[in-house]
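Report on the structure given below.
None of the figures in this text is laboratory data; all of them are computed from the coordinates on show. Not measured: the values here are computed from a predicted model. Neighbour counts are summed over all protein chains in view; Cβ atoms, including those assigned to glycine, are modelled from backbone coordinates with ideal geometry.
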Amino acid sequence: MTALTEEQRESWNANGYFVVPGFGQPELLQKMIERIEDLARRLDAGEERPDLLVSPENLLAEAATPEGRLSKIFRVMRSEDVFREFATDPRLLDILDAVMGPDIDCFLSQFIFKHPGALGQPWHQDEWYFRMTPPEQVGVWLACTDATPDNGPLWVVPGSHREVVHEDVVNDPRPGANMGYVEIQGADTSQEQQMLMAAGDLLVFHCHLRHRSTDNVSDGMRAAMVYHYSPAETVVNHEFGFNHDWVAVLRDGAPAAVDPTPIPINWG
Ligand SMILES: O=C(O)CCC(=O)C(=O)O
């Protein structure tokens, strides 16, 4: 695990996550936000983009701007330069190599808006959605704005990456909750940690880590760009993979050129 500091390696093993402060530069974050807002406006104007998937923010359907009505845009990594360049940044691939080994695919990319008034995502484990073999997926959450106590930061339960996938979940019962939100029932969250992050900080987290985000009760947007990676040749055991797009990014420890053709899903 040479690309990691001792502290990061210890946190990965003990807690199931670590933070790399200042990983994304302000110009990059600005470019990501501008590009995603441009995409939101183009989609709203009727541009056909079958490669992308859009998830509306149910509670903000009346918002004045196209981006203000959105919660997430998925699958931005393959075709959109700024998101592909970040996903294949050699500094990031070095970190992932240290955590996951030398053969890695990126299978999920999503820009997450959290506008004022948007609900957070309840306690969940990403592996509940993934169901992959081996279950060694890693998420990276890039803060595109500061994540503050009021604007809906992430919360995590340190050490929960050692738990099995919790099957006792319910659909988020809150009126206006977004599609696919589920909440783990009955698990101890007394050790939860709030992840306050500055714009540009990167959270690297294990797919079994229990985490949630809270509602945005501030008057500013919170935004994050989130990618998920998996060892090459991972088997997918569940139909939830509809928003995935498998892209080889690292082979034998060397960055792989992004192929315009998707890798077929390796269904189990
Ligand atoms: O950014 C958020 O508000 C929630 C993100 C999250 O929990 C996830 O991507 O799994």
Would you mind calculating the relative contact order of the chain from Cα pairs under 8 angstrom and at least 6 residues apart, reporting the percent as a whole number?
30 percent
Provide W12, W267 in ascending order of the number of other Cβ atoms located within 10 Å of each residue's Cβ, fewest first.
W267, W12
Could you size up the charge dipole of the chain around its Cα centre, putting +1 on the beta carbon of Lys and Arg and -1 on that of Asp and Glu, and report it in debye to the nearest 20?
220 debye
Take the Cα coordinates of the chain, assign each an equal point scatterer, and use the Debye formula without solvent to give log10 I(q)/I(0) at q = 0.12 Å⁻¹.
-0.70
L202 neighbourhood, Cβ < 14 Å, K/R = +1, D/E = -1, net charge -3
Find which of G220, A257, V170 sits farthest along the positive direction of the dipole of region 156-260, computed with +1 on the beta-carbon of Lys and Arg, -1 on that of Asp and Glu, about the Cα centre.
G220
With the convex hull built on the Cα atoms of region 100-187, state its orientation-averaged projected area in nm².
7.3 nm²
Sort S79, S213, S11 by Cβ crowding within 10 Å, fewest neighbours at the top.
S79, S11, S213
Low-density loop cleavage sites - GluC sites (Glu not before Pro) in region 69-162, where at most 13 other Cβ are within 10 Å (DSSP)
none
If the viscosity is 1.306 mPa s and the temperature 10 °C, what translational diffusion coefficient in µm²/s does Stokes-Einstein give for region 1-120 when Rh comes from Kirkwood over Cα pairs?
97 µm²/s
For the chain, which DSSP H helices look membrane-span-like by this rule: Cα extent along the axis of 24 Å or more and mean Kyte-Doolittle of at least -1.0?
26-44
Mind jotting down a quarter of the surface of the convex hull over the alpha carbons of region 150-221, in square nanometres, one decimal?
5.9 nm²
For region 59-90 and region 112-170, what is the separation of their Cα centres, given in Å?
18 Å
Largest-first principal axis extents, alpha carbons of region 109-268, Å:
43, 34, 29
